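Engineer: Handing you a structure now.
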Amino acid sequence: MNRHENIETRDDPCTNFTTINEWRRSVANDDTAKRICDSNLKPGWYKSVSKAGPDMLTDCPVGGFRCGTNKPIWLNDDECLPVNHKTIDQWERSTKNGVSGGRICDSNLKPDWYRPISKAGNLMPTKCLNGGFKCGTSKPIWMQGSYPSDGEIVNATACASSYNGCCNISYNIQVKNCSTFYIYNLTPTFGCSQAYCFGSEIPCPNGETSETGYTPGCKIDPCNKMNYRLLNGEVKRTSNYTLQQNDIPYDDSILKEAWYRVDSASGNDIVSAPQKKNQCGTKYPVWMKGSLPLVEEKTVVRDMCTTMENGSCDRKFTIQIQNCTTYRANKKRTRIGNDKNIPPPPYSPPGQDMIKNKWGQMQTPANHTIVPLEQKGI
């Protein structure tokens, strides 16, 4: 019998087997000085009785040199294992996506198991996509049938929708439930433009964001340059500057309620310590009670105090502050700005490894009041 053929027996393998008692076959054993070799193993049923464990390994021992041998053998029969399926990462296959630009075509898809991993979702729709022209293709494909229970595989029919009907073209597919995700055994389509649909979400509109970057839950992103105004180069806002006789005081009563980003060589963070009158380039400085938010805190509300005639917090109001993450400088995380008074580089959109600063949504305080900035190095 060829050792690669299936082992057939009339006897019950649960009672007629040969035992193997070798702890050195454990995946935890990386000692290959005395290497085990199964080239002379007789075909048959075997049971491991070693105290190292009875089960055959089901994960690839990457790199080999385990189990007391150079090339350890493992059991590879589960389609849910990453090595046994391919991934599809195309949000354009979402049912909420129409057709624009090049259309997706699955005529060259190789028959295999596939796992959709796009943030748009991983479920193939189970209702007709009337009229077609969805999922980034002309004839979107949906599934007739229901999803399997955990660990099960079901046979299903995949239908291509078009203006001529819901299922003029169909394909036999399989779906497996891998506990936390589904995989699909797909075949290539007969022609273009036909493509399998997955998911029902789309990316957030430009200028909006969510936990995943996709619907649902999209809201205005204060960190997007579309949504904030820039206070640039107002170096006298630092807490180290005292209003001079000939100065024209800063006046934030003219600011409109909006999100602001500060870009100044004298510092970019709101002062969080009481200030005296005439500091920060204005007569009545405004300072923050509390701390600046961490990245994971996202948007926070903070109390602001205005230093008037009678003390350091004569007037209060609130602002919102958003930490828009930081850039990496010399592999050390830091806020925008540094101790050398070097002006920061220009803002770059999220996703690039550049500076993105903290800024607040400022309300309109009294005349000649400003939100002062921390002096670098102070």
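Engineer: Name the residue, out of Gln275, Gln245, that is more than 34 Å from the chain's Cα centre (by Cα) and free of Cβ contacts under 8 Å to residues at least 12 places away in the same chain.
Structural biologist: Numbers: Gln275 fails: free of Cβ contacts under 8 Å to residues at least 12 places away in the same chain.
That would be Gln245, the only listed residue that is more than 34 Å from the chain's Cα centre (by Cα) and free of Cβ contacts under 8 Å to residues at least 12 places away in the same chain.
Engineer: Another one. In region 43-93, which residues are among the acidic types (Asp, Glu), touching a residue at least 12 places away in the same chain (Cβ under 8 Å) and closer than 21 Å to Trp23 by Cβ?
Structural biologist: Across region 43-93, the qualifying residue is only Asp59.
Engineer: Scanning region 168-183 for residues that are out of contact with any Phe, Trp or Tyr (no Cβ under 6 Å at 6 or more places or on another chain) and under 12 Å from Glu79 (Cβ atoms), which turns out surrounded by the fewest Cβ atoms within 10 Å (Cβ to Cβ)?
Structural biologist: Phe181
Engineer: Select, from Thr9, Thr15, Thr69, Thr32, the only residue that is surrounded by 14 or more Cβ atoms within 10 Å (Cβ to Cβ), more than 36 Å from the chain's Cα centre (by Cα), modelled with pLDDT under 90 and of a type in the set (Ser, Thr, Tyr).
Structural biologist: Numbers: Thr9 fails: surrounded by 14 or more Cβ atoms within 10 Å (Cβ to Cβ); Thr15 fails: surrounded by 14 or more Cβ atoms within 10 Å (Cβ to Cβ); Thr69 fails: modelled with pLDDT under 90.
Answer to the check: Thr32.
Engineer: Let me ask something else about it. When you check Met143 against the structure, is it modelled with pLDDT of 95 or more, surrounded by 15 or more Cβ atoms within 10 Å (Cβ to Cβ) and either part of a strand (DSSP E or B) or acidic (Asp, Glu) (or both), yes or no? Please lay out each step first, then the result.
Structural biologist: Details: modelled with pLDDT of 95 or more: yes; surrounded by 15 or more Cβ atoms within 10 Å (Cβ to Cβ): yes; either part of a strand (DSSP E or B) or acidic (Asp, Glu) (or both): yes.
Yes; evaluated as a whole, the condition is true for this residue.
Engineer: Among the residues of region 157-166, is any surrounded by 14 or more Cβ atoms within 10 Å (Cβ to Cβ), in contact with a Gly (Cβ under 6 Å, 6 or more places away or on another chain) and either under 26 Å from Thr126 (Cβ atoms) or not basic (Lys, Arg) (or both)?
Structural biologist: Within region 157-166, one or more residues are surrounded by 14 or more Cβ atoms within 10 Å (Cβ to Cβ), in contact with a Gly (Cβ under 6 Å, 6 or more places away or on another chain) and either under 26 Å from Thr126 (Cβ atoms) or not basic (Lys, Arg) (or both).
Engineer: If you don't mind, another one. Which numbered condition in (1) buried (at least 16 other Cβ atoms within 10 Å of the Cβ); (2) assigned to a loop (DSSP other than H, G, I, E, B) is the only one that Tyr114 fails?
Structural biologist: All conditions pass for Tyr114, except number (2).
Engineer: If you check Cys313, Cys305, which single one turns out to be assigned to a loop (DSSP other than H, G, I, E, B) and either at pLDDT below 80 or more than 30 Å from Ser210 (Cβ to Cβ) (or both)? Working first, answer last.
Structural biologist: Details: Cys305 fails: assigned to a loop (DSSP other than H, G, I, E, B).
Among Cys313, Cys305, only Cys313 is assigned to a loop (DSSP other than H, G, I, E, B) and either at pLDDT below 80 or more than 30 Å from Ser210 (Cβ to Cβ) (or both).
Engineer: Only one of these conditions is not met by Leu123: (1) among the aliphatic types (A, V, I, L, M); (2) over 26 Å from the mean Cα position of the chain (by Cα); (3) surrounded by fewer than 20 Cβ atoms within 10 Å (Cβ to Cβ). Which number is it?
Structural biologist: So the condition that Leu123 fails would be (2).
Engineer: Is there any pair linking a residue in region 12-24 that is closer than 19 Å to Cys67 by Cα to one that is of a type in the set (Asp, Glu) and modelled with pLDDT under 90, with Cβ under 9 Å and at least six apart or on different chains, and which?
Structural biologist: These pairs meet every condition: Arg24/Asp31.
The values are calculated or read from the model by the stated rules, or taken from the named source; none is laboratory data. This one's a predicted model, so the numbers in the text were calculated from it and none came from an experiment. All Cβ positions, even for glycine, are placed from backbone atoms using ideal geometry, and neighbour counts span all protein chains on display.
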